[in-house]
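The values are calculated or read from the model by the stated rules, or taken from the named source; none is laboratory data. Everything numeric in this text was worked out from a predicted model, so none of it was measured. Using ideal geometry, Cβ is built from the backbone for each residue, glycine included, and neighbour counts are taken over all protein chains shown.
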Amino acid sequence: MVQGELNTSNPSGPLTHRTYNKDRDRENFAKMVVVCGLPFSFGEHPGFIAYIRDTYNPSFKGLSRSMVKRDIFEFQEKHCQYLRAYFEIMDCRVAITTDMGRSPNGFDYLTVTAHWIDYNWNLQKRIIGYKICQKKKTGMYIATTVLEILDFFGLCDKVISITLDNASANLNAINMLEPRLCPISKYAFHVRCAAHILNLVVSDGVKLFENSCDKVDNACFYIFHMNSSSRINQFKELCNACKLPFRKVPKHVKTRWNSFYEMLEVAYTYKEPITMQFNSHNAYPEFKLNDSDWNEVNELRIFLKSFYDATKFFSGMYYPTISEILIHICEISYIFAEYKTHELFTIAIEVMITKFKKYFFSIPQIYLTAILFNPEYKEYGAKALVECIYQNLDIKPEETPDLVTCQNSIKLLAKEMYDKYCSLDNVENPQMSMPQVGAHGRVKHKLGLDSSNKCEFVKYLEQGSDNITNDEGIPQLLNWWRARGTQFPKLSRMVKDVLAIQGSSVASEAAFSAARFQIGDLRYSLAEDSLEISVLFRDWINAERRNQGLPKLDSQFELFIDSAIGCGSDDGMELQDRQRALPRPVVEYGQSIAELEKEFTGLYNY
């Protein structure tokens, strides 16, 4: 059967034609099941079969659950081998985020996510591990599991950092991982989750506002989250009377970033209908909402706005976050300085500053290095930010490190990291370490008498600051560095790795949301092996569809993987065992990602 097909590369162009392909149909259906979180048995549903028969193919007989599951496992394994080949070729380092949590099937999982900036200066993210926790969640268990995942993908010698929260088991795991992974910079290796730290800071402060906030929280829970249609209908009527569009107030979930602020923000907008409805059903005067409660809530939500914006920014996955953490720390320090004389916040600010300084002072060196490579700030801007933070937090001269020591370390440690990258370049490309200009030129080069001996690091800092914001006000840091890759070839290699470092572990926490999506309301459970494979494959498909620059595979590479895999299995555990036994794909020495992209014309055409 031949049918017209839209030319997606040029929608206004003419129709092209293709022949119906059963294998491609099964592949696309398997992807749809994973991306949409459908049950594996969806292909057997009478409604779906009737739709396909009536619309496309009268002879369609459906796709069995076992067939769909087998297809998903097979395509996931192909893509897994592709990622291993990609990681084998790429010449940059990866930043790892990891987190532990409980999935909807009741099991505890450890998730590992890899982040890197590709050859086209696009920030990439892939979940590479979603492992069920079979043992007690100790530092040893976390370290060995992370190492197993990194080793499988060939990343043990390519890790620049690991971002995780402040659980004691995670800190023990870092101590075990560091000597094994041999990071290029020790101060960049362990990054604490900034979103988690801000959540701890805010939690300590808002405890002092529990009376008013709890009353608002209870009112919203009573109206919106007790599955009462009559209360929702009454609230709709009150919204109409107050000339407000109907909207539910978000639920305050203690384990989710920013949910407290979002609840207060929306609740304050709807304070009139909430107060009228809640007070009319509340017989206890001490629990009724009043103007004093709402005034306190209003002051608190204004105060928390900067924390909300910072946490939201830290949670980003497809733009650099590490390079702007110091900016947000500075902004929050201004908030502390402004509110510490406010009668309502005096005690709360004191508590919050103590917790804030516990984690952000001394200022993590990687924050200072990263801001140095923002051309809008560079060394002068970084020192100015540090000075403002010290002043706003009232850091005493006797506290270490003092201001001058901290400012001097910005350039010193960044240059130390740059020198390590240069030494790696000289080892990998010894012909580049000495200019071929004869004895006279080599002596001048060694003595630093020629202008070419001035390193790229110094040249970059000596240039003036540069605007990186586009017309929409969005920073274009990666685009700026991409345009200067030839001007600073060695420095840009280091910057590419530094900017890939994640300021928070939210990317790994998102895997648990993906797991909830995979189980959803359409299925009661999902075996742990199937859940792991579905979470990884869905993330990989979605990442490809973002068109972030990852090259695609052609049919020849697909055939190579088919021959290595053999027949498909319906058992997820068998698939994982077989994956671990597969050798890493062999790639041609010196082959670049650009060459790979030209050679492979595409297994996945989204």
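Filter segment 230-263 down to the residues that are under 21 Å from Phe313 (Cβ atoms) and in contact (Cβ under 8 Å) with a residue 12 or more places away in the chain and list them by number. Those that are under 21 Å from Phe313 (Cβ atoms) and in contact (Cβ under 8 Å) with a residue 12 or more places away in the chain: Pro250, Trp257, Asn258, Phe260, Tyr261, Glu262, Met263.
Taken together, the criteria exclude Ser161 from residues that are assigned by TED's automatic domain parsing to the domain that holds Lys78, among the small types (Gly, Ala, Ser), in contact with a Leu (Cβ under 9 Å, 6 or more places away or on another chain) and in contact (Cβ under 8 Å) with a residue 12 or more places away in the chain. In segment 109-124, the condition of being closer than 14 Å to Phe153 by Cα, of a type in the set (Gly, Ala, Ser) and without any contact (Cβ under 8 Å) to a residue 60 or more places away in the chain is met by at least one residue. Using the structure shown, decide if Thr341 is among the polar types (S, T, N, Q), part of a loop (DSSP other than H, G, I, E, B) and surrounded by fewer than 16 Cβ atoms within 10 Å (Cβ to Cβ). When the stated conditions are applied, Thr341 passes them.
Report whether or not Val202 is in contact (Cβ under 8 Å) with a residue 60 or more places away in the chain, in the same structural domain as Thr275 (by TED's automatic domain parsing) and either closer than 30 Å to Lys357 by Cα or small (Gly, Ala, Ser) (or both). Against the criterion (in contact (Cβ under 8 Å) with a residue 60 or more places away in the chain, in the same structural domain as Thr275 (by TED's automatic domain parsing) and either closer than 30 Å to Lys357 by Cα or small (Gly, Ala, Ser) (or both)), Val202 qualifies. Number of residues in segment 245-289 that are within 36 Å of the chain's Cα centre (by Cα) and assigned to a loop (DSSP other than H, G, I, E, B) equals 15. Listed by position, the helices (runs of 4 or more DSSP H) contained in segment 447-560 that have at least 3 residues being over 17 Å from the mean Cα position of the chain (by Cα) and modelled with pLDDT under 80 are 506-519, 528-545. Taking segment 39-87 as the range and being buried (at least 22 other Cβ atoms within 10 Å of the Cβ) and over 32 Å from the mean Cα position of the chain (by Cα) as the test, the residues that pass are Gly43, Leu63. Contact annotation: residue pairs with Cβ atoms under 7 Å, 6 or more positions apart or on different chains, pairing a residue in segment 87-105 that is closer than 14 Å to Lys131 by Cβ and in a strand (DSSP E or B) with a partner that is modelled with pLDDT under 90 and basic (Lys, Arg), are Met100/Lys137. Pick from Asn211, Asn240: which is surrounded by fewer than 18 Cβ atoms within 10 Å (Cβ to Cβ), at pLDDT 95 or above and either in the same structural domain as Cys80 (by TED's automatic domain parsing) or more than 24 Å from Lys125 (Cβ to Cβ) (or both)? Of Asn211, Asn240, the one residue that is surrounded by fewer than 18 Cβ atoms within 10 Å (Cβ to Cβ), at pLDDT 95 or above and either in the same structural domain as Cys80 (by TED's automatic domain parsing) or more than 24 Å from Lys125 (Cβ to Cβ) (or both) is Asn240. Among the residues of segment 72-96, those identified as among the aliphatic types (A, V, I, L, M) and closer than 16 Å to Leu150 by Cα are Leu83, Ala85, Ile89, Met90, Val94, Ala95, Ile96. Scanning segment 274-294 for residues that are touching a Leu at 6+ places or on another chain (Cβ under 9 Å) and of a type outside the set (Ser, Thr, Tyr) yields a count of 6.
Part of a helix (DSSP H, G or I), at pLDDT below 90 and among the small types (Gly, Ala, Ser), is that true of Ser292? Against the criterion (part of a helix (DSSP H, G or I), at pLDDT below 90 and among the small types (Gly, Ala, Ser)), Ser292 does not qualify.
A quick yes/no check of all residues on (1) touching a strand residue (DSSP E or B) at 6+ places or on another chain (Cβ under 9 Å); (2) outside the structural domain of Gly101 (by TED's automatic domain parsing); (3) more than 30 Å from Trp116 (Cα to Cα):
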position	(1), (2), (3)
Leu155	yes, no, no
Asn166	yes, no, no
Pro179	no, no, no
Ile184	yes, no, no
Val216	no, yes, yes
Cys220	no, yes, yes
Ser230	no, yes, yes
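It is to be established whether one or more residues within segment 40-47 are assigned to a helix (DSSP H, G or I), touching a Phe, Trp or Tyr at 6+ places or on another chain (Cβ under 8 Å) and either of a type outside the set (Val, Ile, Thr) or at pLDDT 90 or above (or both). Checking segment 40-47: at least one residue is assigned to a helix (DSSP H, G or I), touching a Phe, Trp or Tyr at 6+ places or on another chain (Cβ under 8 Å) and either of a type outside the set (Val, Ile, Thr) or at pLDDT 90 or above (or both).
Under the condition of being hydrophobic (A, V, I, L, M, F, W, C) and crowded, with 22+ Cβ neighbours inside 10 Å, which residue from segment 311-322 is nearest to Ala195 (Cα to Cα)? By that ranking, first place goes to Phe314.
Within segment 359-382, being of a type outside the set (A, V, I, L, M, F, W, C) and in contact (Cβ under 8 Å) with a residue 60 or more places away in the chain holds for Tyr359, Pro364, Gln365, Thr369, Asn374, Pro375, Glu376, Tyr377, Lys378, Glu379, Tyr380, Gly381. Could you list, ordered by first residue, the pairs with Cβ atoms under 6 Å in which the first is in segment 388-400 and in a helix (DSSP H, G or I) and the second is modelled with pLDDT under 95, at least 6 apart or interchain? Once the first residue is in a helix (DSSP H, G or I) and sits in segment 388-400, its partners that are modelled with pLDDT under 95 give Tyr390/Leu403. The residue that is farthest from Phe303 (Cα to Cα), among those in segment 328-347 that are among the β-branched types (Val, Ile, Thr) and under 32 Å from the mean Cα position of the chain (by Cα), is Ile329.
For Ile325, the conditions (1) hydrophobic (A, V, I, L, M, F, W, C); (2) buried (at least 21 other Cβ atoms within 10 Å of the Cβ); (3) modelled with pLDDT under 95 all hold with the exception of (3).
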